[in-house]
Amino acid sequence: MNVTAEVVKDLLPLFVAGEASADTKALVEEFLRADPQLAALAAALREQEDRPPQLHAAPPGAERAALSTTRSLLRRRSWLLSFALMFTGLPLSFSFDSGGMRFLLLRDAPMFALVSWVVAAGLWVAFAQVARRLRVTGL
């Protein structure tokens, strides 16, 4: 097999990182002595590897905005949970009288009980969406 400059270019990242075997190092060093363009490419790779990664600072106020959004979502989640539980349990409210236990809304106002459960279903869906948004942000 004939080793070409293209093969050596493929080996340069391993060579620069110091992960190449002794035979590969010898081969690459031989090519670098013979080819100034490859030597310049290897030097550029070394410089790039030695440079620390550039960290981009968050824009001013981004942390405060994220905190404000998270607080708002947590507050909304609490309210949604409270109302979802209330509207879910409202049709199941009952009383005791001489005839025993009576479910007030289910017996006396079944349409109101149904509307209450429909509202509860919508609140549970909204609660799940807010909870998903909070999971995405890491809470």
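The values are calculated or read from the model by the stated rules, or taken from the named source; none is laboratory data. Remember, predicted model here, so these are calculated numbers, not experimental data. Cβ placement follows ideal geometry from the backbone for every residue including glycine, while neighbour counts extend to all protein chains displayed.
Could you look through the stretch 72-125, keep only residues that are of a type outside the set (A, V, I, L, M, F, W, C) and touching a Ser or Thr at 6+ places or on another chain (Cβ under 7 Å), and pick out the one that is modelled with the lowest pLDDT?
ARG102
For LEU45, only one of the following conditions fails: (1) surrounded by 13 or more Cβ atoms within 10 Å (Cβ to Cβ); (2) at pLDDT below 95; (3) more than 30 Å from LEU12 (Cα to Cα). What is its number?
Going through the list (1) surrounded by 13 or more Cβ atoms within 10 Å (Cβ to Cβ); (2) at pLDDT below 95; (3) more than 30 Å from LEU12 (Cα to Cα), LEU45 breaks only (3).
Do you know which residues across the stretch 16-25 are surrounded by 11 or more Cβ atoms within 10 Å (Cβ to Cβ) and either over 35 Å from the mean Cα position of the chain (by Cα) or of a type in the set (Lys, Arg) (or both)?
Selection gives ALA20, THR24, LYS25.
Which of the following residues is out of contact with any Cys (no Cβ under 6 Å at 6 or more places or on another chain), aliphatic (A, V, I, L, M) and under 30 Å from ASP10 (Cβ atoms): LEU67, LEU38?
So the residue among LEU67, LEU38 that is out of contact with any Cys (no Cβ under 6 Å at 6 or more places or on another chain), aliphatic (A, V, I, L, M) and under 30 Å from ASP10 (Cβ atoms) is LEU38.
Does ARG33 satisfy the criteria of being modelled with pLDDT of 85 or more and either over 23 Å from the mean Cα position of the chain (by Cα) or within 19 Å of ARG133 (Cα to Cα) (or both)?
yes
Could you identify the single residue in ALA57, ALA128 that is among the small types (Gly, Ala, Ser) and at pLDDT below 90?
Criteria check complete, one pass: ALA57.
Among the residues of the stretch 48-76, write down those that are within 19 Å of the chain's Cα centre (by Cα) and surrounded by 11 or more Cβ atoms within 10 Å (Cβ to Cβ).
ALA65, ALA66, SER68, THR69, THR70, SER72, LEU73, LEU74
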